[in-house]
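The values are calculated or read from the model by the stated rules, or taken from the named source; none is laboratory data. Here the structure is a predicted model, which means the values were calculated and not measured. Virtual Cβ from ideal backbone geometry, glycine too; neighbours counted across all protein chains shown. Ligands, DNA and RNA are excluded from the accessible area calculation, which covers all protein heavy atoms including side chains. Shrake-Rupley method; radii C 1.70, N 1.55, O 1.52, S 1.80 Å.
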Amino acid sequence: MASKPSIPKGTRDFSPAEVAKRQYIIQIIKDNFEKFGFQPIETPSFENSETLMGKYGEEGDRLIFKILNSGDYLAKANAAHLESKDSTKLTASISEKALRYDLTVPFARYVVQHQNDIEFPFKRYQIQPVWRADRPQKGRFREFFQCDADVVGSKSLWQEVELVQLYDTVFTTLGLEGVTVKINNRKILSGIAEVIGASDKLIDFTVALDKLDKIGEDGVKKEMIEKGISEEAIVKVQPLFNFTGTISEKIEKLSQLLSASEEGMKGVEELRFICDNVMNLGLSSAILDLDVTLARGLNYYTGAIFEVAPPKGVAMGSIGGGGRYDDLTGIFGLKNMSGVGISFGLDRIYLVVEELSLFPETVTASSKALFINYGDKEAFYAMKAIKDLRASGIKVELYPDNAKVAKQFQHADKRNIPFAVIVGDKEMESNTYSLKNLVTGEQLSIDFETLKNSLS
């Protein structure tokens, strides 16, 4: 007996209705990417391992899906590593490729590889799946789509201002009002570590600080001490644990805290420029918030850091994020190429929009009408109308078999098709169509133009 088929944990099948809703979100994101001047590219699902490894930190490297070499993958295996069962060292000799972990590093590789063909500044968007060997949980999958927009070749902070506006525009269009766009700056985190004398503990310090909303002040302090950060240093950053007020007030507090750090003050001025201009230009429905505990992507972000939280009351992690990465293309040999970008988490956005019942009723994968099949003669008459309706962009179909009429209506009902078109001898003689509303039961005899207008 054959075993029941299944799919790997952290992956999903999507029904026609789910695909229609996902495409609705993607189309809104895509339309706004293009309104803001971004151009589409695509990169391969897998890259050479050396392109990806070492770009996301130790944890990121562990979460990269490695692909075994084709054929006898043990043929080139290092005998000593195989004998000692050292999987970490063995991997390099049996796996030369890996599934992409995100779209940012492949984009950096693309820019370096095609630099002579690109007009800079280059604004690109990319909507493709990525893979992470993570532990599956609500809103976290092993295969998921990212929707990225990046600009390379410009150090202008107006790019950051525009990216905040892009977040605001997309989420407002989706009806997701009240999302919070959190912003911080890597230079500020470096400055804080500098003024407390813990520059060598920057990663440990920021990773602990990033957990403030999860484990609280005492938990963060305990973790910092465990990581070797002195109690004296922790006392100096006490203001960060109760960092409240307006954005302007927070920036002033940072100015005082970081006055002795040149790097930190650069971050403060960058934040001031971005926040002041965003606030003066105004946002439609998003909320901008300066969050000094935000510490994502420290292995490659060098300036602004973004993270988007869903509206209050929705239990979900971030639904977007990004930042500036002045040094990213440098790892592939292209120096002095500044970049900044943001990402939309499609799968989490879908769950939030679904939870808040924000999908329009018109978002459906179903046809608008089903033509009932009474036989070949009637079907041919129907197909002529179907051809013209499809040419006008209307989704319609013919039931393929000359089955019982009740079965055909039942099929339309199960497919959530709102109309049935009936064509019999009477309709063919008068060159008309009977249009039945399957929700109200109302039935009308109409000509083709009226039929087309009714289904438009």
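For the reader, a short list of remarks on this structure follows.
- When region 258-292 is filtered for residues that are touching a residue at least 12 places away in the same chain (Cβ under 8 Å) and either assigned to a strand (DSSP E or B) or over 16 Å from residue 185 (Cβ atoms) (or both), the ones remaining, listed by number, are 260, 279, 281, 283, 284, 285, 286, 287, 288, 289, 290.
- Residue check, residue 96 open to solvent by 80 Å² or more (accessible area, probe 1.4 Å) and at negative phi: yes
- Taking each residue of region 237-257 that is part of a helix (DSSP H, G or I) and looking for partners that are surrounded by 13 or more Cβ atoms within 10 Å (Cβ to Cβ) and polar (S, T, N, Q) with beta-carbon atoms closer than 8 Å, six or more apart or interchain, yields 240/293.
- Flag if residue 95 is more than 24 Å from residue 157 (Cα to Cα), of a type in the set (Gly, Ala, Ser) and touching a strand residue (DSSP E or B) at 6+ places or on another chain (Cβ under 8 Å): yes
- Filter result for residue 229 (over 19 Å from residue 296 (Cα atoms), outside any helix (DSSP H, G or I) and among the aliphatic types (A, V, I, L, M)): yes
- Region 119-132: number of residues that are among the hydrophobic types (A, V, I, L, M, F, W, C), over 30 Å from residue 74 (Cα atoms) and surrounded by 17 or more Cβ atoms within 10 Å (Cβ to Cβ): 2
- Residues of region 350-382 that turn out to be of a type in the set (S, T, N, Q) and touching a strand residue (DSSP E or B) at 6+ places or on another chain (Cβ under 7 Å), as a count: 2
- The set of residues in region 23-59 that are farther than 30 Å from residue 176 by Cα and part of a helix (DSSP H, G or I) comprises 49, 50, 51, 52, 57, 58, 59.
- Residues in region 106-142 that are out of contact with any Lys or Arg (no Cβ under 8 Å at 6 or more places or on another chain) and of a type in the set (D, E, K, R): 109, 117, 119, 123, 124, 135, 138, 140.
- Here residue 17 passes the criteria (1) in contact (Cβ under 8 Å) with a residue 40 or more places away in the chain; (2) farther than 30 Å from residue 120 by Cα; (3) part of a loop (DSSP other than H, G, I, E, B) except the one numbered (3).
- Residue in region 202-218 that is surrounded by 18 or more Cβ atoms within 10 Å (Cβ to Cβ), modelled with pLDDT of 85 or more and within 28 Å of the chain's Cα centre (by Cα) present: no
- Residue, most open to solvent (accessible area, probe 1.4 Å), within region 147-176, restricted to residues that are of a type in the set (D, E, K, R) and under 16 Å from residue 325 (Cα atoms): 155
- Wholly within region 306-406, strands (runs of 3 or more DSSP E) carrying at least 3 residues that are within 25 Å of residue 184 (Cα to Cα), open to solvent by 20 Å² or more (accessible area, probe 1.4 Å) and modelled with pLDDT under 95: none
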